[in-house]
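Beneath this line is the structure, given in structure tokens, with notes to follow.
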Amino acid sequence: IKALYIEDDKRNILAYIDPLYPARKSTMFDIGTSSEGLPTFRTSGLVSAPAEHPQDIYIVLSAPVVGSQGHEGTIVAMIDLGKLRSSVLEAGMFESTFRIVFDDDGAIVAISDGNQSYWSLQDLESRTDLSEHIRRDERSGQVRFTLDGMQHTARYRYIDDLGWTVLTGIPNTEFIRPILDVLPPFFIFCTIFIFVLVLVIQHFSSLVGIPLQALIDGMEHVRKHDYRY
């Protein structure tokens, strides 16, 4: 949390911590109201300035404090998204997983690509057709799209409270890779197994075949009345 404000029901600041604005008189954030006229939980869009660093991104959250007398105050917090952006960069189960979080306006909250110059889905149009396949009327689902010329399969989920869509995609080649990794040792095992099986069959055939051939030869001699054999 970069900044925290506690306001009364008139939106007067009772206490706050804000290193960027140590003398702020108002949070200047519209908290919005419900149909009953009471403030509701609300989140802002992405805020990139003012910030201590050009790549810093924030969101502002407000949560009403409701007591026996109704609305008694509001807590307003400015949240730094640096940790979220760093966690999205971390590799997952697959080496080339594509992860992205974006809001209703298409602004990118976090992306697994290390390029920090991507601020909206429009910045990715030269690389992907993702925006053409996401359906805004669906809260979650599966989608197939192309990224850098490779086909991806992804799952996405919409977070109502934040207005964000979280998507994770995996190149279709990743589904085939485990099978391809298993094939060489599988073929080696099959070759060894067949070779051993042939040796075993030859061994047992010799154990059974030699006495059986001797019996056949003996029967042939007996048929000719040659009992000496």
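The values are calculated or read from the model by the stated rules, or taken from the named source; none is laboratory data. Fair warning: this is a prediction, and the values are worked out from it, not measured in the lab. All Cβ positions, glycine included, derive from the backbone under ideal geometry; neighbour counts span all protein chains shown. What goes into the accessible areas is simple: the full protein's heavy atoms, side chains included, and nothing from ligands, DNA or RNA. Shrake-Rupley method; radii C 1.70, N 1.55, O 1.52, S 1.80 Å.
Just a few scattered comments:
- Fraction of accessible area attributable to carbon and sulfur, the range 160-229 (%, probe 1.4 Å): 76
- For Lys2, the amide hydrogen comes within under 5 Å of the amide hydrogens of Met78, Ile79, Asp80, counting only partners 5 or more places away or on other chains and with H modelled in the peptide plane.
- Ligands, DNA and RNA are left out, and with a 1.4 angstrom probe the accessible area of the chain is 66 Å² per residue.
- The C-alpha atoms of the chain define a longest principal axis, and helix 172-223 lies at about 10 degrees to it.
- Restricting the trypsin sites (Lys or Arg not before Pro) of the range 174-229 to loop positions (DSSP other than H, G, I, E, B) with no more than 13 neighbouring Cβ atoms within 10 Å leaves Lys224, Arg228.
- Where labels lie 7 Å past Cα in the beta-carbon direction, separation of Asn12 and Arg223 in nm: 12.3
- What you get for the chain, charging only the Cβ of Lys and Arg (+1) and of Asp and Glu (-1), is a dipole of about 820 debye around the Cα centre.
- Exposure rank, largest accessible area first [Phe102, Phe41; 1.4 Å]: Phe41, Phe102
- Think of the range 114-229 as having a plus end and a minus end, set by charges on the Cβ of Lys, Arg, Asp and Glu; of Ser205, Leu167, Ser126, Ser205 sits farthest toward the positive end of this dipole.
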